[in-house]
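The values are calculated or read from the model by the stated rules, or taken from the named source; none is laboratory data. Computed from a prediction, not measured in an experiment: that's the story for all the values here. Note that we place each Cβ from the backbone using ideal geometry, even for glycine, and neighbour counts take in every protein chain shown.
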Amino acid sequence: MHVEPITCYRPRPEAAATLASPPYDVFDRAGAEAYLAAHPGSFLSVERPDAASSPAAGPDAPDGVYQVAHDRLADLVNGGSLLRDGTPCFYLYRLEADGRSQTGVVAACSLDDYSNGIIRRHELTRPQKEDDRIRHIEATGCQTAPVVLAYPDNPVLDALVEAAKTAEPLYDFVDADGVRQTVWRVARPAAVESLRLMFEHVPCAYVADGHHRAAAAARVCRRMRTEGGERHTGDEAYNYLLCALFPASRLHADPYDRVVADVAGMTEDELVAALEAQGVSVGPRGERPVRPSRRGAVGMYAFGAWRELGLPDERPDDPADALDVSVLQDRVLAGVLGVGDPREDPRLSFVGGAAEAGELERRAGDRGVAFTLFPTSVAELMAVADAGRLMPPKSTWFAPKPSSGLFVRRVSNRECVLDGRRRRRGERDDES
């Protein structure tokens, strides 16, 4: 793998705990607005400008909500909350929660590696979500949160990382969700080069979280290469992706549940009969929520009751088609409820991280249906990616997740707020 140290904007140490925010995509708009109301200094106002803006600054306004992201980032830079670290560094990033600990290396990874399959994908993405992150990069000129990559365990890399963690940390705080976050800065040239060279011996990595951010960065890179023409060298910042690389054995997968807004006009008895016709066993009605404890089991909430479903034991040999999420999509979401394309159907929504039963019941309401799944494992993810196959969207949820706002990496070659000036509304960027 081609992995490089980064220069970035990062918080003042005393501001890190206030500024760090959960990833943009763990909230719907109402949830993001509520979080910002409780944490007004959070970087989420940059990541989710739709939740930080007034209705007048909606997507149809002349400047759009992405101007809000630009302006909020300008405030953080101009006010000194974000400081520029101009020395190429690696950062070590440890997340501790629920008795688990994982330490990753924050770095810039080659987008050519992403395009040629060294950085391997396993999920489909939704075009509108890619477009959202593209517009965000274009407005801010930055990658504002790392894509999480899993790499095959490497004992030498582990030793280098552990040795670097003996230094004094740059940040060490507990966030609003109870996750302890610790960051070390690796700037000594010999240590930087040792990490860089060791990653050259890592054969591949897997996108664990951040498929839309990665796809958006790749599309921005292609466009900027075209615009650069003969001036393009391959060394520009836009050729690289901000990543946090973790050993695969340290990542923990949680479930990613599904909610369909309606039951396609069926009665409860018709729904049960349609499921059984697809080879799915249907348990009795119950009040107690069903959270599957094994592969092949699925919980279903519909018509005010919970049931346990059993997916067929016979599975395809293909590692992607054999996943619980794939069988559920084929047999139930498509076969029974008519959700043919999970990327596009507005009736389908996703809830990650073993959501509370009450939240799933609320989302399903009186007319919809919710499904709880057993987590897709890291080993299953790697097998699918190694086979060059893709899972349905939102098949994996990893926790704890890296925060946004701790590492802000400039990728644009246009003048912007991070050059020490603030763009006025309506003003176009000029080439630097």
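Right, F199: of a type in the set (F, W, Y) and either farther than 20 Å from P400 by Cα or without any contact (Cβ under 8 Å) to a residue 40 or more places away in the chain (or both) or not?
Working: of a type in the set (F, W, Y): yes; either farther than 20 Å from P400 by Cα or without any contact (Cβ under 8 Å) to a residue 40 or more places away in the chain (or both): yes.
Judged against the criteria, F199 is a match.
Pick from S53, S45, S110: which is more than 25 Å from Y238 (Cβ to Cβ) and of a type in the set (S, T, N, Q)? Quick ask: steps written out before the conclusion?
Values: S45 fails: more than 25 Å from Y238 (Cβ to Cβ); S110 fails: more than 25 Å from Y238 (Cβ to Cβ).
Of S53, S45, S110, the one residue that is more than 25 Å from Y238 (Cβ to Cβ) and of a type in the set (S, T, N, Q) is S53.
Quick check, is V290 among the β-branched types (V, I, T), touching an Asp or Glu at 6+ places or on another chain (Cβ under 6 Å) and either touching a residue at least 60 places away in the same chain (Cβ under 8 Å) or surrounded by 22 or more Cβ atoms within 10 Å (Cβ to Cβ) (or both)? Give the derivation first.
Details: among the β-branched types (V, I, T): yes; touching an Asp or Glu at 6+ places or on another chain (Cβ under 6 Å): yes; either touching a residue at least 60 places away in the same chain (Cβ under 8 Å) or surrounded by 22 or more Cβ atoms within 10 Å (Cβ to Cβ) (or both): yes.
Yes.
Every residue in the stretch 143-185 that is touching a helix residue (DSSP H, G or I) at 6+ places or on another chain (Cβ under 7 Å), hydrophobic (A, V, I, L, M, F, W, C) and closer than 24 Å to P23 by Cβ, please.
Across the stretch 143-185, the qualifying residues are A145, V147, A150, L170, F173, W184.
Under 6 Å between Cβ atoms, at least 6 apart or on separate chains: pull out the pairs that start in the stretch 33-49 with a residue that is under 20 Å from P11 (Cα atoms) and touching a residue at least 40 places away in the same chain (Cβ under 8 Å) and end on any residue that is assigned to a loop (DSSP other than H, G, I, E, B) and among the hydroxyl-bearing types (S, T, Y).
Pairs found: none.
Would you mind stating whether V332 is modelled with pLDDT of 95 or more, crowded, with 16+ Cβ neighbours inside 10 Å, of a type in the set (A, V, I, L, M) and within 26 Å of S281 (Cβ to Cβ)?
Values: modelled with pLDDT of 95 or more: yes; crowded, with 16+ Cβ neighbours inside 10 Å: yes; of a type in the set (A, V, I, L, M): yes; within 26 Å of S281 (Cβ to Cβ): yes.
So V332 fits the description; yes.
Identify, from the list D257, D235, D341, D317, the residue that is within 29 Å of the chain's Cα centre (by Cα) and closer than 20 Å to A385 by Cα.
Details: D257 fails: closer than 20 Å to A385 by Cα; D235 fails: closer than 20 Å to A385 by Cα; D341 fails: closer than 20 Å to A385 by Cα.
Only one candidate passes the filter, namely D317.
Would you point out the residue of the stretch 386-415, among those that are part of a loop (DSSP other than H, G, I, E, B) and among the aliphatic types (A, V, I, L, M), that is nearest to A320 (Cα to Cα)?
Just the residues of the stretch 386-415 that are part of a loop (DSSP other than H, G, I, E, B), to begin with: 387-390, 392-396, 399-403, 405-407, 411-413, 415.
Now restrict to residues that are among the aliphatic types (A, V, I, L, M): 387, 390, 399, 406, 411.
Working: A387: 9, L390: 6, A399: 22, L406: 34, V411: 34 Å.
By that ranking, first place goes to L390.
Yes or no, residue by residue, for (1) at negative phi; (2) surrounded by fewer than 24 Cβ atoms within 10 Å (Cβ to Cβ); (3) assigned to a strand (DSSP E or B); (4) basic (K, R):
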| position | (1), (2), (3), (4) |
| --- | --- |
| R72 | yes, yes, no, yes |
| V77 | yes, yes, no, no |
| D85 | yes, yes, yes, no |
| E96 | yes, yes, yes, no |
